[in-house]
Structures are given as structure tokens and as C-alpha cells.
Protein chains: 2
Amino acid sequence: MSDNPERSGPQAPQEPSLDEQIAAYQREFRDLDPQVEKVVSALGRLNRRMNVAYGRQLADLGISNAEWEVLKTLVLAGEPYRLGPGELAKRLGLTPAAMTHRIDRMAGEGLVTRDRDENNRVRVIVELTDEGRSKWLEAMRMATDFEEELLQDLTSDERGVLGEILIRLLRRVELTQPDAGGRLTDLD
Amino acid sequence: MSDNPERSGPQAPQEPSLDEQIAAYQREFRDLDPQVEKVVSALGRLNRRMNVAYGRQLADLGISNAEWEVLKTLVLAGEPYRLGPGELAKRLGLTPAAMTHRIDRMAGEGLVTRDRDENNRVRVIVELTDEGRSKWLEAMRMATDFEEELLQDLTSDERGVLGEILIRLLRRVELTQPDAGGRLTDLD
DNA sequence: CTTGAAGACTTCAACGCTAAAGTTCGAGGC
DNA sequence: GCCTCGAACTTTAGCGTTGAAGTCTTCAAG
């Protein structure tokens, strides 16, 4: 359940090996710390591969990544799984215009309903259908299985260390880039 | 120099805190390992924030992420910084059609040249200009500064451990998802 | 020399997204 | 009650991408 936006493309890019790539960078750019570069490149590459994997699993379920994001956001909102297009757009980092179209599609597929608010007719309410919720559940099961498999080689200690370091990095990037989507208070 | 594809969107998504999000998942989905989830979510979130940061820095330089990817690929190819559109497309994971248009734009901006191969007139050669190379250098400096800053709180030991664990995960995901863009032999 | 087939790139239609303009409804001043 | 402002969503135009069809060149065989 990485909540990553992503692109899987026509097919995955064909990249040089990490070591080859770092060697090439050092050749073209003298002052490069190989250790830093290794961490950053591995991080990016791992994420990309994971996103390709998520995309495939979702495709098997017959839903796109865009749809998965919406389902997830509605479920995370909790019962009764309702949000307005504007709120959805804000949480997904999309424009309201894009949400309009996404909701159109998903309503057509029966994953959500879209109705005018009775009390305020300028508002629209998007609500998860039972089918939408069960698609989410299936996707969730696939995702957690995959994640379990991904981390299978790591001991519990290693998982703990990894998580702790990543959260420190997350805090750092949110200090450095205050408007990059994070809420500083979360981690303090 | 993360070589991530990315989306920065109209603005970054507004997300709940990691802990809030994991708590919500546990509420809606009973059998979830919080430790696994924490690692996976932190990984995804960190990457997204980093990509937003890269995107901003590149925008300051007046180049888009798409352009950055092309510059990087040409530099990594080494002297004389030449590749055909098809090869570029393969390395970037794009369709040849998309490459055609990207190259059009970049040639218009003077970042690359685009010529027919003298010896085989069906082939096209894209070559980095001096301006393109210097843009790449500037971007590279910004990226490495940012990466150095990102990792500033980690000791050298921690960086080593992090890198090592990430590479193990990368190997695992490439075993599990053989066609996700990696080359298995790289890591063995 | 002509023809057929394969390869490399480009063109075209459709799609999803952004930014900006437009529409509709609700709320507050007068 | 009317008017204007603002909020929430939709529509429109433009861009970059994909997938499929099209064009042009090369190579090899007849």
C-alpha cells in the first residue's frame, strides 16, 4: 500500500546496473560521494520497481492506479466513506478538474456514486460503493502480501532500523522542503 | 540524481501523518503488520517528497523533469554524448513517439541537436550541446547538494547500513518481478 | 534492377492531466 | 427581497503521453 503516484510507462526503462551508473557519474562529475549516491539511487530505483509491481497487481484486478488512489482515500476517510471532489483532489494532489473526470469514470464502473448534497446543492458527494470497497480489499490483500514478500529477507531488527532511518530522512526532507506535502507536526 | 520519474502535480498532496495513516489502515484492515507498513509507507512518502524537491530545483534552472532525464541519459552514455531516439526511448522507458516530441522541444531550446546519420539515413542522432551539458552540470550540483543535506543526520555507518539494506530489497524485488526494469545479473 | 521485408522514426487519434475561464448555488449587506 | 461576493464544481484549451498506423530507408533475394 505504498501510496505512490507513479508511471509504469509502455514498459519499464532499461537501466544500467547501480554500480555501472555510479561509476559513470563519477567519470563525468568529479566531486560525487559514492556512498550518498548509492543510497539515493537505490532508494529511487527500489521505489520505481515497487510501483511497477503495484501497477501490475492492480491491473490484474482490473483497476488503474488512479482508481486505486481514490478507493484508498475514501477508505482512509472512514465510514461512511464519503468525500467531496474538492477534498479528494486536495488529498490526492490533483486539480479539481482532474477529479471531475476521474469520478466520472469510476462512477461509470460502479466503484463510487456521485450525488448532489441535499442540503447544499452546489456540493457533490462521492461515496464508495460495496463493489468499490471490495475492490479495495482485494487490492489491499495483494499489496500486503507483496510487501511481506519484499521484506522477507530482513530480520525484525533490520526492519526496525530501516523504518527508523527512513523516518528521520522524512523529517529532514520536510524541514528542508516545508511545502512538499508533509505536515511537520506529524513527526515531532 | 535520483533518476525517478515523477509527478509533482498542481501542488503536493495533503496527507495524514504516517502514524495516523497506519492507524486508519489497521482500523479498516485487520491483518496488517504495522512494522512492514511503516517501512513501506515511509519509503514511498520519502520518495515523493524528494521528487517534489528535485522538480523545484530543476524548475529554478529552467528545465523540466523530462528534459533532465534526457540530459542525464546522454551524459551517462559518455562521450560523444550521442544516442538515437529509439535507444533513448528504451533507456527512459518511453515510447518512440514520445521521444520524437521531447527531442523536438529540446532541440528548439538548444539543449540537444538532432541530425540524420550520414551513413544510414533512416537513423537519427541526438547529441548533447554544450549548453545541454552545462545545464546538466548545474542540475547535478544542485542535486548532490540536496542529497548531502538530506543525509546530513546519518552517520557514515548508518549510511552504509541503509545502502546495504536497500540493495538487498532491490535484489529481492528484482527476483520477484523479473521484468520490472532491472537486470538480475547486476547484483549477483 | 526490382521486389519484398524489416527496421527506425514520425504522424495521428485518444486519453489524462493542468491552468484558467465559466457556471451555479448559498450567504451577507443594504 | 435584491445584489454582490465567494465557494464548489465543471468546462475548455493546451500539453505530453500511449498505441497504432504510416513513411522512408536499407538489405537481400530473385
**Request:** Please compute the Cα-Cα pair-distance distribution of the stretch B:52-188 with 5 Å bins starting at 0, giving whole percents from short to long.
**Result:** 2, 9, 15, 15, 16, 16, 13, 8, 3, 1, 0
**Request:** Quote the relative contact order of the stretch A:18-178 in percent (integer), defining contacts as alpha-carbon pairs under 8 Å separated by 6+ residues.
**Result:** 17 percent
**Item:** Label-to-label distance, nm, for residues given as residue A:123 and residue B:120 (7 Å Cα→Cβ offset)
**Value:** 6.4 nm
**Asked** Karplus couplings for the stretch A:25-38 from phi (6.51 cos²θ - 1.76 cosθ + 1.60, θ = phi - 60°), rounded to Hz, Gly and Pro as x?
**Response** 4, 5, 5, 8, 8, 4, 7, 10, 8, x, 5, 4, 4, 5
**Prompt:** Taking the Cα centre of the protein assembly as shown as the origin and placing charges on Cβ (Lys, Arg +1; Asp, Glu -1), which of B:73, A:166, B:124 is farthest toward the positive end of the dipole?
**Reply:** B:124
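Go through A:36-44, A:111-119 and give me the packing order, highest mean Cβ count within 10 Å leading. Kindly include the intermediate steps, with their values, before the conclusion.
On the way: A:36-44: 22.9, A:111-119: 14.3.
By packing density, highest mean first, the sequence is A:36-44, A:111-119.
Over the protein assembly as shown, with the other protein chains present, what is the accessible area per residue in square angstrom, probe 1.4 angstrom?
Numbers: 16800 Å² over 376 residues.
Per residue, the protein assembly as shown has an accessible area of 45 Å².
Pull out the extension gain between residue B:23 and residue B:148, defined as 0.36 nm times the separation in residues minus the alpha carbon to alpha carbon distance; nm, one decimal.
Values: separation 125, 0.36 × 125 = 45.00 nm, distance 3.26 nm.
Here the answer is 41.7 nm.
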**Prompt:** Which single residue of chain A puts its beta carbon nearest to the axis of rotation relating A to B, and what distance, in whole Å, does that give?
**Reply:** A:47, 2
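Summed for both chains, how many Å² of accessible area, to the nearest 100, are buried between A and B with a 1.4 Å probe?
Numbers: alone 12990 and 13020 Å², together 16800 Å².
Buried area (both sides, nearest 100 Å²): 9200 Å².
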**Request:** Could I have the simple spin-label model distance between residue A:138 and residue A:31, label points 7 Å from Cα toward Cβ, reported in nm to one decimal?
**Result:** 5.5 nm
**Complete:** log10 I(q)/I(0) for the stretch A:18-115, Debye formula on C-alpha points only (no solvent), q = 0.24 Å⁻¹, two decimals, reads -1.22
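Rg/Rh for the stretch B:63-130: what does it come to with C-alpha atoms and Rh from Kirkwood? Write out the running numbers ahead of the final one.
Values: Rg = 10.9 Å, Rh = 11.8 Å.
Using only Cα positions, Rg/Rh for the stretch B:63-130 is 0.92.
Tell me the carbon and sulfur percent of the accessible area for the protein assembly as shown, rounded to whole percent, probe radius 1.4 Å.
Values: 7970 of 16800 Å².
That fraction is 47 percent.
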**Prompt:** Size of the protein assembly as shown along its principal axes in angstrom, Cα-based, largest extent first?
**Reply:** 68, 46, 36
**Asked** Once the convex hull of the C-alpha atoms of the stretch B:14-61 is built, how many Å³ does it hold per residue, rounded to a whole number?
**Response** 65 Å³
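The values are calculated or read from the model by the stated rules, or taken from the named source; none is laboratory data. These numbers come from a predicted model, not from an experiment. When we count neighbours, we look across all protein chains shown, and the Cβ atoms used for this are built from the backbone with ideal geometry, even at glycine. Accessible surface areas use protein heavy atoms only, side chains included; no ligands, DNA or RNA. Shrake-Rupley method; radii C 1.70, N 1.55, O 1.52, S 1.80 Å.
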